[in-house]
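Asks: The following block contains the structure, expressed as structure tokens.
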Amino acid sequence: CPSSTVLTVSVFNPPTPTINPIAALCNNASSVALSASPSGGVWSLSSGVSSNGIQTPSLSAIGSNTVVYTAGQGTCVASSSSTFHVSQFNSAAFSGTIANLCVSNNPVNLMAIVQNTSGYWSGINVVNSHSFNPAGLPSNTYTLTYINPSTPSTLNLCQDTKTIVASVLNP
């Protein structure tokens, strides 16, 4: 008396998740929601990305970061990874001012009045991107600009700029 039983076995082949491109950001940028397909998965591996896919740049390492997205049913899951870049915002804030100058004054070291010296200066009579030379200028006020790129500067994500006015007297 043979006996048989039919057992139905469900097989689930999870699709490989697809992560939408993740934009490079600066560490002072607002949080953003990452997206992937299929929805409903879990994000992991990066300290700057929550399990529900909220990326907080200030919590990420500066440079390249990797995040993993896992989706599926039960123990049948598949994962994909993606990298994203976070750059360090560098302030161009000033820590001092420029005194009124006479045309005969020596060049002024502009790096002495900034909080972060990784940037560079531009403007009339700015020499070597770091000093202002009043020699030969007519009496006037001159706007000088300090530009401080993000680090690394190759992506130029969030450079900061500040301007200051230098007053030159040429009697």
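Asks: ³J(HN,Hα) across the range 120-129 via Karplus (A = 6.51, B = -1.76, C = 1.60, θ = phi - 60°), whole Hz, x for Gly/Pro?
Replies: So the J values, rounded to whole Hz, are 8, 9, 9, x, 5, 6, 7, 10, 6, 6.
Asks: Give me a comma-separated list of calculated 3J(HN,Hα) values for the range 44-54, in order, Karplus coefficients 6.51, -1.76, 1.60 applied at θ = phi - 60°, integers in Hz, x for any Gly or Pro.
Replies: Values, residue by residue: 7, 5, 9, 5, x, 10, 6, 5, 9, x, 8 Hz.
Asks: Residue by residue through the range 154-166, what is 3J(HN,Hα) from phi via Karplus (6.51 cos²θ - 1.76 cosθ + 1.60, θ = phi - 60°)? Round to whole Hz and write x for glycine and proline.
Replies: 4, 8, 6, 6, 8, 5, 10, 10, 9, 10, 9, 9, 10
Asks: Okay, moving on. Between T16 and F94, what length comes free when the chain is fully extended (0.36 nm per residue of separation minus the Cα-Cα distance, one decimal in nm)?
Replies: Contour length minus the Cα-Cα distance gives 23.0 nm.
Asks: Describe numerically, in nm with one decimal, the distance between label points set 7 Å from Cα along Cα→Cβ at M111 and at T83.
Replies: 3.1 nm
Asks: Please work out the C-alpha center-to-center distance from the range 145-171 to the range 10-86 and express it in whole Å.
Replies: For the range 145-171 versus the range 10-86, the Cα centre distance is 36 Å.
Asks: So, one more: Rounded to the nearest whole Å³, what is the per residue volume of the convex hull around the Cα atoms of the range 19-117?
Replies: Considering the Cα atoms of the range 19-117, their hull volume per residue is 103 Å³.
Asks: With semi-axes √(5λ) of the Cα gyration tensor in Å defined as stated, name the option among (1) 32, 19, 12; (2) 22, 18, 15; (3) 61, 11, 10 computed from the structure displayed.
Replies: (3)
Asks: Still on this structure: Which order do peptides 152-158, 40-46 fall in by mean Cβ count within 10 Å, highest first?
Replies: Per-residue mean Cβ counts within 10 Å order the peptides as 40-46, 152-158.
Asks: Could you check how much of the accessible area of the range 43-161 is carbon and sulfur, as a whole percent, using a 1.4 Å probe?
Replies: Here it works out to 49 percent.
Asks: When ligands, DNA and RNA are left out and all protein chains stay put, how many square angstrom of accessible area per residue does the range 62-116 have with a 1.4 Å probe?
Replies: For the range 62-116, the solvent-accessible area averages 50 Å² per residue.
The values are calculated or read from the model by the stated rules, or taken from the named source; none is laboratory data. What you see is a predicted model; the values in this text were computed from it and never measured. So basically every Cβ, Gly included, is an ideal-geometry build from the backbone, and we count neighbours across all protein chains shown. Accessible surface areas use protein heavy atoms only, side chains included; no ligands, DNA or RNA. Shrake-Rupley method; radii C 1.70, N 1.55, O 1.52, S 1.80 Å.
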